[in-house]
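The values are calculated or read from the model by the stated rules, or taken from the named source; none is laboratory data. Predicted, not measured: the structure shown is a model, and the values here were computed from it. Neighbour counts are summed over all protein chains in view; Cβ atoms, including those assigned to glycine, are modelled from backbone coordinates with ideal geometry.
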Amino acid sequence: MSENTPTSQPVSSALQALTDKLLKLDDLLISCMRCGFCLAVCPVYGATMKEADATRGKIALLEFLSRHMINDPEAVNDKLTRCLLCGSCQAVCPSGVKIMDIFLHARSIVRDYLGLSATEKLIFRSFLARPKLFNALLGLSAKFQGLFLKEADPALGTHKAPMLSSFIGERHFPRLAGRSFHSKVASLDEAAGSSGLRVAFFPGCVSDKLFPDVAEATLKVFRKHGVGVFMPDGLACCGIPALAGGDMAAYHTMVGENLALIGGAVVDWLVTPCGTCAATIKEFWPKLADGYTEKNKGVIRDLHAKTIDITAFLSDVLKVELPAASGGKTRVTYHDSCHLRKSLGVFAQPRSILKSLPGHEYVEMAEAERCCGSGGSFTLKHYDLSKQIGKRKRDNIVAVNPDIVAAACPACMMQIMDMHSQHGDRVKVRHVVELYAEAL
């Protein structure tokens, strides 16, 4: 094993735990028929046309994972991270194979074997698992970011950081907000409003620190519709970065932090403007709760039933109605977040909102449901590949000549901003809830 292998357990205990995980992986793999339906929808395979990059190729690798890990664990890790975890393969699988469960479980096995890098330990365990420290660090970074950033496209509000190119590539991105959302609104504990509803609000890290206007627009919508809001101070990351990175210890720490804050609240719904946060809380929290206390298992079951994306909340719960749009001057199209559409089945709701916006004309792009190439850490580890996938999305957007492309996931917004900025497009990137809030 690597010298970075965790030593907190006796060797025999660690080997037994690894053996148990490998046996569980075998059980998960057995239902795959190798039919190849996944090839047509995999964005990574679509970019490289390499069988090893497709779901079927990765599953072939995992069938002999223990042997491959011993021979070349770093190569195995590289192959497994060449996946966006977009869920496209799982959505079309005729056998109903839980492919996301397989890949996340395999990443955890490989990470247990290799150990975490110094950077991963810093990000997952020192920062994301400690929300107060994380908030303080990024608050300080926001004040001094001008020393490192160069303006890329003032019209789109993007910047680049040549000094950090070895880590983040040549990407264009929005600045950290001068004031994060949580620095403006630290906490809320309101009774149900005129709607009779009270919700827990989970802004998500990216909305909080990069797109606070999204979180503020969500609050504006709650106020308009008489929805009481509960939002405790100190919410942590939903846990998906650590989960995707195979660091289960950090993931469970983040979930535990959030359960301690949300667990005692009496709410009708948990609402978030981040499709990825919604999918993580609703889908992964329940799947990975085996070792939790009965109390926390009960909270997670409750949140599974109550967690909802803001566009679905507006459309399905509040049943909002705007005057029907009639050939407006501003053309808007929509990109489906993978986690929102493929994991949660939310796709009609954001479109119904956009189609009703006064002064806007909705146009559907080709392949709206195809991944934009973000994938969280994927875009950091494989930026050239992420950029290649993102260009296909950008080309589909500009083909319908919109003024605005809307999305319901802040991470997707960052990726699409990068693509438009790199190509000099004059297409604004907005969250659906921002456009709806402005229409109010």
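Look through the stretch 410-440, keep the residues that are at pLDDT 95 or above and basic (K, R), and return whichever of them is surrounded by the fewest Cβ atoms within 10 Å (Cβ to Cβ). Among them, the one singled out is K428. Could we say that K393 is in contact with a helix residue (DSSP H, G or I) (Cβ under 9 Å, 6 or more places away or on another chain) and under 30 Å from R82 (Cβ atoms) here? Criteria met by K393. Considering each residue of the stretch 116-132 in turn, at least one proves to be crowded, with 17+ Cβ neighbours inside 10 Å, under 30 Å from G234 (Cα atoms) and touching a Lys or Arg at 6+ places or on another chain (Cβ under 9 Å). Cβ-Cβ distances below 6 Å connect the following pairs, each with a first residue in the stretch 21-41 that is small (G, A, S), a second residue that is buried (at least 18 other Cβ atoms within 10 Å of the Cβ), and a separation of six or more residues or different chains: S31/V97; G36/R56. Being of a type in the set (V, I, T) and surrounded by fewer than 19 Cβ atoms within 10 Å (Cβ to Cβ) is the filter here, so list the residues in the stretch 67-84 that pass it. Within the stretch 67-84, I70 is the sole residue that qualifies.
Can you tell me which residue in the stretch 323-343 is modelled with the lowest pLDDT, limited to those that are of a type in the set (A, V, I, L, M) and surrounded by 15 or more Cβ atoms within 10 Å (Cβ to Cβ)?
Filtering the stretch 323-343 for residues that are of a type in the set (A, V, I, L, M) and surrounded by 15 or more Cβ atoms within 10 Å (Cβ to Cβ), the one modelled with the lowest pLDDT comes out as A325.
Taking the stretch 167-242 as the region of interest, the helices (runs of 4 or more DSSP H) fully inside it that hold 2 or more residues being surrounded by fewer than 17 Cβ atoms within 10 Å (Cβ to Cβ) are 181-184, 212-224. Looking only at residues of the stretch 259-276 that are surrounded by fewer than 24 Cβ atoms within 10 Å (Cβ to Cβ) and in contact (Cβ under 8 Å) with a residue 40 or more places away in the chain, we find that the one that is farthest from R130 (Cα to Cα) is D268.
Residue by residue, here is whether (1) within 29 Å of I99 (Cα to Cα); (2) in contact with a strand residue (DSSP E or B) (Cβ under 9 Å, 6 or more places away or on another chain); (3) not β-branched (V, I, T) holds:
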| residue | (1), (2), (3) |
| --- | --- |
| L322 | no, no, yes |
| R341 | yes, no, yes |
| V346 | yes, yes, no |
| Q349 | yes, yes, yes |
| M365 | yes, yes, yes |
| G375 | yes, no, yes |
| L380 | yes, no, yes |
| K387 | yes, no, yes |
| C409 | yes, yes, yes |
